[in-house]
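Only one structure is covered here, and it is reproduced in the block below.
The values are calculated or read from the model by the stated rules, or taken from the named source; none is laboratory data. In this text, all values refer to a predicted model and were calculated from it rather than measured experimentally. Backbone-built Cβ (ideal geometry, glycine too); neighbour counts: all protein chains shown. Note: accessible area is taken over every heavy atom of the protein model, side chains too, but ligands, DNA and RNA are not part of it. Shrake-Rupley method; radii C 1.70, N 1.55, O 1.52, S 1.80 Å.
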Amino acid sequence: MQYNRILLKLSGEALMGNRQYGIDPQRLSEYAAEIKSVCDLGVEVAIVIGGGNIFRGVAGASKGMDRVQGDHMGMLATVINGLALQSALEDAGIQTRLQSAIKINEVAEPFIRRKAIRHLEKGRVVIFGGGTGNPYFTTDSAAVLRAIEIHADVILKGTRVDGIYTADPEKDKMATKFDYISFDEVLKKGLKVMDTTAFTLSQENQLPIIVFDMNTPGNLHKVVSGEKVGTKVNL
């Protein structure tokens, strides 16, 4: 395998499927099957998932809600998504642990770095919920932070687009895709891969990012196997 330990970043919106809100059980089962396919190869998998399908702190703040309160609501949304994904993975026969950056002992373990690494070494999928546990930080930042802490080989950002383009391919039909791009080029061209805090943290720690289409069956398996899928951001 190209990578032995990965951090998979999923957006909350990805769980909606074709719905306008909430969680699509069919999409959950599809993702569980994709994740199982790489677990069966012996790859250690950690996951960070967003909460945008339920609530976004920034959106609440834009409508007059206190930003800190809104972000705390968003953290709880990521735990809800984590529980849903955990259930789907366990239905697929994968041992899973949900760790939360905010204490909810009845439904999730508290995040303990050494414990998370031990779970991964035992072949369990670890889902990190609750973001970083702090307001004003996105789940992109949480994904990079957790990836660094557990010594992941790469961050795999699963999206509905098959990589990074010169412009938004859904709006600009002339946009061209990058197979490979450096961190510096992303910043110079003003391309949106992750929020600036997360992206800079990844660059400083020399942690590569691969952006790929998670909704195409088999793509996760291909990425982990080293096939050219999506766009790789590296030094």
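Given the options Thr176, Thr138, name the one that is surrounded by fewer than 18 Cβ atoms within 10 Å (Cβ to Cβ) and polar (S, T, N, Q).
After ruling out the rest, the residue left standing is Thr176.
In segment 191-235, what count of residues is obtained for those that are aliphatic (A, V, I, L, M), farther than 28 Å from Arg27 by Cα and outside any loop (DSSP other than H, G, I, E, B)?
1
Taking the residues in segment 96-112 that are part of a loop (DSSP other than H, G, I, E, B) and among the aliphatic types (A, V, I, L, M) as candidates, determine which candidate is least open to solvent (accessible area, probe 1.4 Å). Can you show your working first?
Applying the first criterion (part of a loop (DSSP other than H, G, I, E, B)) to segment 96-112 yields 101-108, 111-112.
The next check asks that each one be among the aliphatic types (A, V, I, L, M); those that pass are 101-102, 104, 107-108, 112.
Details: Ala101: 36, Ile102: 39, Ile104: 41, Val107: 65, Ala108: 8, Ile112: 79 Å².
Here the residue is Ala108.
Has segment 16-36 got at least one residue that is under 19 Å from Gly130 (Cβ atoms), buried (at least 24 other Cβ atoms within 10 Å of the Cβ) and out of contact with any His (no Cβ under 6 Å at 6 or more places or on another chain)? Quick ask: steps written out before the conclusion?
So in segment 16-36, the residues under 19 Å from Gly130 (Cβ atoms) come out as 23.
Subsequent filtering for residues that are buried (at least 24 other Cβ atoms within 10 Å of the Cβ) retains none.
The answer is no; no qualifying residue exists.
Which residues, counting only those in segment 38-95, are assigned to a loop (DSSP other than H, G, I, E, B), among the aliphatic types (A, V, I, L, M) and either buried (at least 24 other Cβ atoms within 10 Å of the Cβ) or touching a residue at least 12 places away in the same chain (Cβ under 8 Å) (or both)?
Within segment 38-95, Leu41, Val43, Ile54, Ala92, Ile94 qualify.
Taking Thr166 as meeting all but one of (1) open to solvent by less than 40 Å² (accessible area, probe 1.4 Å); (2) closer than 25 Å to Asn219 by Cβ; (3) over 12 Å from the mean Cα position of the chain (by Cα); (4) among the polar types (S, T, N, Q), write down the number of the exception.
(1)
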